[in-house]
Amino acid sequence: MTSGSLLPDILRLHGPDCVFAYPVCDPPDRETTITEANDAAFSLLGYSREELLALSPADIIPGFPALTGNDFGPFETDDRLIEHALTTRSGVPVPVEIKSHVISVGGRAMNVVAARDISGRIRSRRLEIQDEKCFSAIFGLSRKFDEPEEAILAYALEQVRDMTASQLGYVYFLDAAETGMTLRAWSADPALNQNDPPPGTCLVSESGLFGAPVRQRGPIIVNSVPEDAAGPDHPGMPIPVVRYMGVPIIDNGRMVLVAGLANKEGDYTKTDMAHFSLPMENAWRIIQRKRMEEEMVEAVKSAKKASRSKSQFLANMSHELRTPLNGIMGMTQLLLGTEINNEQKEYLTLSMEAALHLSKVMTSLLDLSSIETGAITVTPVNFNLPDTLESLIKPLALQAAGKSVTLGHEIAPNVPALINGDEKKLRQILINLIYNAIKFTEQGEVALSVTRTAATSGLLGDMAELRFTVTDTGIGIPEDKLDSIFESFVLGEDYLTKRYGGTGLGLSISRELATIMGGDITAKSTPGRGSAFTLTLPFLLRDAKGGSCAIVDPPCGPTRPLRILVAEDERVNALVTSGMLKKRGHTVTVVGNGQHAVDALIEAPYDLVLMDVQMPVINGLEVTEIIRRGAAENVPRDIPIIGLTAYATDADSRRCLEAGMDSVVTKPFAAEELLAAICRTVAD
């Protein structure tokens with residue numbers, strides 16, 4: 001076999017790989033051509049046999065001298081595989097893996113070069129890299145949530161432009177009619193030195209290729225852009241566009257934005273489109289979520305602002321109503337204490353009852369507002385349960401007797417007498433339940449029973465769950481209204497034909513207060529036979545020898561005559577308060593503002609100060625703080641101070657106590673309420 005016929009057989013042994021051979025020349029001969037090649041080489045490179053064998057190895061191996069290291073000398077790769085490229089007849093490089101060795105054929109040294117096409121592997125590798133970049137872009141977007149919309153869009157656009165090796169990128173938002181476009185992001189390869197963005201706004205109908213995805217309502221790829229589509233007559237093209245890919249983002253059937261990329265070096269593919277669409281869709285979802293959260297935040301702010309405005313309005317209205325109401329009630333009480341005939345007494349009593357009813361309505365509205373805004377808090381104290389029940393039953397029993405209704409109460413033997421809880425709210429709930437029972441009972445009886453349902457131990461000590469049940473023989477409640485009577489402003493009767501009156505707030509407020517205290521209220525009723533309301537509340541147990549604080553409101557007898565300073569700017573209220581005090585033998589001085597109160601205390605000694613909270617010049621809270629700091633010369637820091645306020649919420653009372661007042665009396669007040677507060681404060 002001749003050497004000429006042996007070489008093709010040797011090359012054929014390399015199977016599917018592209019293989020060609022050329023002689024080893026020493027010295028190098030640049031005129032050397034390829035001696036032989038296999039069919040795979042002709043197929044891969046696109047040459048005929050005659051064409052390929054007329055070429056030098058340097059014609060098909062880019063950078064041939066650098067690769068071989070010695071031009072046409074021996075080219076040995078040993079066990080190495082070298083990633084390189086071969087130039088095809090069309091001039092397109094093909095990525096290959098090269099292995100070369102020197103053999104002797106017919107006494108002549110030949111370089112045999114085997115090249116394996118790795119285009120598929122390179123594509124897979126590029127896809128993996130592109131996939132990684134795509135997921136990296138999506139992850140990066142998730143960390144941009146707190147940034148402005150423009151920053152989110154700019155990041156997404158920069159990522160997809162880099163991912164697809166594009167030169168240009170843009171994002172336009174569409175108006176609601178999908179006819180107008182507004183530029184929101186623009187990205188250009190820095191190598192272009194292109195700083196001029198497309199037009200900020202344009203019509204979809206006049207946007208040329210950049211608006212094509214909107215007009216087609218779907219993604220578009222154009223790898224050979226016609227000259228008329230990228231010409232100067234079409235806005236949005238600051239530089240010529242050769243290849244283009246665009247995608248619209250559709251949300252709930254409406255196109256919200258269109259994004260595009262242009263001038264990739266190679267053709268755009270469906271894979272490019274997938275890697276383009278995913279980050280842009282995620283960018284829109286993040287923007288949409290941001291907008292929803294911002295709208296929710298604004299809605300919450302608006303709701304809170306409205307709630308604050310309502311609460312402030314109710315507080316102001318309460319103050320404006322309670323101040324004159326205190327004067328009306330006070331003057332009525334003073335008149336009732338004078339010599340009057342029975343007819344006059346009846347009229348004054350009815351006037352007093354109407355004023356008390358109005359005061360209860362205002363208190364209910366304020367309680368409702370405080371509950372809605374979360375301003376109600378639990379204030380636990382030690383108290384004697386039988387004494388508390390006795391004190392609230394007595395005045396209600398008189399009301400029941402006026403209707404020939406019997407009111408009684410019973411406490412089970414195992415119910416503890418000394419407990420710890422919010423006595424004030426317990427009284428409020430029970431008074432409301434018993435008052436309602438009396439109101440809706442024309443004959444028969446109303447009864448309060450107290451039982452103990454459970455006992456547990458907790459971090460704060462032994463606990464007892466007590467059940468307060470108020471039963472009556474009244475008109476009852478229809479079954480279809482039992483679920484709604486605890487809703488605000490709901491009455492148990494038709495408002496046009498109602499006989500019993502009411503605001504529809506009492507039961508709603510009572511249940512809310514019970515919930516705040518850790519309990520509940522339930523109701524059972526039979527129309528025509530009566531109702532039963534059950535209040536269940538937990539309390540801490542306190543024995544007679546221990547406890548964290550003393551029993552509240554100890555009995556208090558008449559006090560000695562006192563020198564009392566009344567700081568009150570409202571003339572009628574000042575007259576009422578001083579009249580109540582003078583009738584009990586106290587010496588009273590009245591001043592009209594906070595500055596006069598400080599001056600009066602400096603000039604003369606007093607046993608007690610009744611301090612209106614809202615006054616001109618210096619308000620009552622500021623006067624109290626001045627005294628407690630010792631900033632008022634010759635005025636004892638510990639002089640007893642009772643606050644008088646028409647602001648009736650728990651928060652208002654806390655502000656007074658935090659300022660240094662010893663106690664607070666809310667307007668309108670009865671003479672007995674004011675005198676009891678004086679008794680407690682002076683006794684302390």
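The values are calculated or read from the model by the stated rules, or taken from the named source; none is laboratory data. Quick caveat: nothing in here was measured; it's all calculated off a predicted structure. Every residue, glycine as well, gets a Cβ built from its backbone with ideal geometry; the counts of neighbours run over all protein chains shown. These area figures cover heavy atoms from the full protein model, side chains too; ligands, DNA and RNA do not enter into them. Shrake-Rupley method; radii C 1.70, N 1.55, O 1.52, S 1.80 Å.
Do you know which of the residues in the range 386-427 that are polar (S, T, N, Q) and not in a strand (DSSP E or B) is farthest from the chain's Cα centre (by Cα)? Even if it seems obvious, please write down each step before you answer.
Step one: list which residues in the range 386-427 are polar (S, T, N, Q), which gives 388, 391, 399, 404, 406, 414, 420.
Still in the list and also not in a strand (DSSP E or B): 388, 391, 399, 404, 414.
Working: Thr388: 43, Ser391: 46, Gln399: 49, Ser404: 55, Asn414: 47 Å.
Selected residue: Ser404.
Would you mention how many residues in the range 429-465 are at pLDDT below 85 and either closer than 27 Å to Gln399 by Cβ or not acidic (Asp, Glu) (or both)?
Of the range 429-465, the ones at pLDDT below 85 are 454-463.
From the residues that got through so far, the ones that are either closer than 27 Å to Gln399 by Cβ or not acidic (Asp, Glu) (or both) too are 454-461, 463.
Counting residues in the range 429-465 that are at pLDDT below 85 and either closer than 27 Å to Gln399 by Cβ or not acidic (Asp, Glu) (or both) gives 9.
Could you please find all residues in the range 170-215 being of a type outside the set (A, V, I, L, M, F, W, C) and within 37 Å of the chain's Cα centre (by Cα)? Give the derivation first.
Step one: filter the range 170-215 for residues of a type outside the set (A, V, I, L, M, F, W, C), giving 170, 172, 175, 178-180, 182, 184, 187, 189-190, 193-201, 205-208, 211, 213, 215.
Residues satisfying the conditions are Tyr170, Tyr172, Asp175, Glu178, Thr179, Gly180, Thr182, Arg184, Ser187, Gly200, Thr201.
Every residue in the range 365-392 that is open to solvent by 10 Å² or more (accessible area, probe 1.4 Å), modelled with pLDDT of 85 or more and β-branched (Val, Ile, Thr), please.
The answer is Val381, and nothing else.
Which of the following residues is part of a helix (DSSP H, G or I), modelled with pLDDT of 80 or more and either open to solvent by 60 Å² or more (accessible area, probe 1.4 Å) or in contact with a Cys (Cβ under 9 Å, 6 or more places away or on another chain) (or both): Thr522, Thr515?
Details: Thr522 fails: part of a helix (DSSP H, G or I).
Result: Thr515 is the single residue among Thr522, Thr515 that is part of a helix (DSSP H, G or I), modelled with pLDDT of 80 or more and either open to solvent by 60 Å² or more (accessible area, probe 1.4 Å) or in contact with a Cys (Cβ under 9 Å, 6 or more places away or on another chain) (or both).
Please indicate, with yes or no, whether at least one residue in the range 636-646 is in contact with a His (Cβ under 6 Å, 6 or more places away or on another chain) and at pLDDT below 90. I'd like the intermediate steps shown before the answer.
Taking the range 636-646 first, the residues in contact with a His (Cβ under 6 Å, 6 or more places away or on another chain) are 646.
Filter once more, keeping what is at pLDDT below 90: 646.
Yes.
Within the range 120-143, track down each residue that is surrounded by 12 or more Cβ atoms within 10 Å (Cβ to Cβ), closer than 13 Å to Pro279 by Cβ and not aliphatic (A, V, I, L, M).
Within the range 120-143, Gln130, Asp131, Lys133, Cys134, Phe135, Ser136, Gly140 qualify.
So how many residues does the range 76-125 have that are part of a strand (DSSP E or B), more than 30 Å from Thr269 (Cα to Cα), among the basic types (Lys, Arg) and out of contact with any helix residue (DSSP H, G or I) (no Cβ under 8 Å at 6 or more places or on another chain)?
Kept after step one, since they are part of a strand (DSSP E or B), are these residues of the range 76-125: 82-87, 93-105, 108-117.
Still in the running and more than 30 Å from Thr269 (Cα to Cα): 99-105, 108-114.
With among the basic types (Lys, Arg) added as a condition, the list becomes 99, 108.
Next, only the ones that are out of contact with any helix residue (DSSP H, G or I) (no Cβ under 8 Å at 6 or more places or on another chain) stay: 99.
Result for the range 76-125: 1.
Would you confirm whether any residue within the range 598-612 is open to solvent by less than 40 Å² (accessible area, probe 1.4 Å) and either under 24 Å from Leu335 (Cα atoms) or at pLDDT below 90 (or both)? Please lay out each step first, then the result.
We begin by selecting, within the range 598-612, every residue open to solvent by less than 40 Å² (accessible area, probe 1.4 Å); these are 598, 600-601, 604, 606, 608-612.
Filter again for either under 24 Å from Leu335 (Cα atoms) or at pLDDT below 90 (or both), leaving 610, 612.
Yes; the residues of the range 598-612 include at least one that is open to solvent by less than 40 Å² (accessible area, probe 1.4 Å) and either under 24 Å from Leu335 (Cα atoms) or at pLDDT below 90 (or both).
In the range 598-618, how many residues are touching a residue at least 40 places away in the same chain (Cβ under 8 Å), β-branched (Val, Ile, Thr) and not in a loop (DSSP other than H, G, I, E, B)?
1
Looking only at the range 25-75, which residues are open to solvent by 30 Å² or more (accessible area, probe 1.4 Å), hydroxyl-bearing (Ser, Thr, Tyr) and not in a loop (DSSP other than H, G, I, E, B)?
The one that is open to solvent by 30 Å² or more (accessible area, probe 1.4 Å), hydroxyl-bearing (Ser, Thr, Tyr) and not in a loop (DSSP other than H, G, I, E, B): Ser43.
Of everything in the range 205-225, what is open to solvent by less than 90 Å² (accessible area, probe 1.4 Å) and small (Gly, Ala, Ser)? Give them in sequence order. If you could, list the steps in order and put the result at the bottom.
Of all residues in the range 205-225, those open to solvent by less than 90 Å² (accessible area, probe 1.4 Å) come to 207-214, 218-223, 225.
Scanning the range 205-225 gives Ser207, Gly208, Gly211, Ala212, Gly218.
Can you tell me which residue among Lys301, Lys270 is open to solvent by 10 Å² or more (accessible area, probe 1.4 Å) and either closer than 30 Å to Gln167 by Cβ or in contact with a Leu (Cβ under 6 Å, 6 or more places away or on another chain) (or both)? I'd like the intermediate steps shown before the answer.
On the way: Lys301 fails: either closer than 30 Å to Gln167 by Cβ or in contact with a Leu (Cβ under 6 Å, 6 or more places away or on another chain) (or both).
Residue meeting the stated conditions: Lys270.
Pro57 passes all but one of (1) farther than 18 Å from Pro95 by Cα; (2) touching a residue at least 40 places away in the same chain (Cβ under 8 Å); which number fails?
That leaves (1) as the condition not met.
So is Ala550 at pLDDT below 90 and among the aliphatic types (A, V, I, L, M) or not?
On the way: at pLDDT below 90: yes; among the aliphatic types (A, V, I, L, M): yes.
Judged against the criteria, Ala550 is a match.
Yes or no: Ala154 open to solvent by less than 30 Å² (accessible area, probe 1.4 Å) and either among the aliphatic types (A, V, I, L, M) or within 30 Å of Asp26 (Cα to Cα) (or both)?
Details: open to solvent by less than 30 Å² (accessible area, probe 1.4 Å): no; either among the aliphatic types (A, V, I, L, M) or within 30 Å of Asp26 (Cα to Cα) (or both): yes.
Spelling it out, it is not the case that Ala154 is open to solvent by less than 30 Å² (accessible area, probe 1.4 Å) and either among the aliphatic types (A, V, I, L, M) or within 30 Å of Asp26 (Cα to Cα) (or both).
Cβ-Cβ under 8 Å, sequence separation 6+ or interchain: first residue in the range 394-407 and open to solvent by 60 Å² or more (accessible area, probe 1.4 Å), partner of a type in the set (Phe, Trp, Tyr). Which pairs?
Going by the 8 Å Cβ cut-off, the qualifying pairs are Gln399/Tyr435.
Those residues that are outside any helix (DSSP H, G or I), among the charged types (D, E, K, R) and more than 38 Å from the chain's Cα centre (by Cα), I need them from the range 240-285; list them, please. Walk me through it before giving the result.
The first filter runs over the range 240-285 and keeps only residues outside any helix (DSSP H, G or I), leaving 240-269.
The next check asks that each one be among the charged types (D, E, K, R); those that pass are 243, 251, 254, 264-265, 267.
Result: Arg243, Lys264, Glu265, Asp267.
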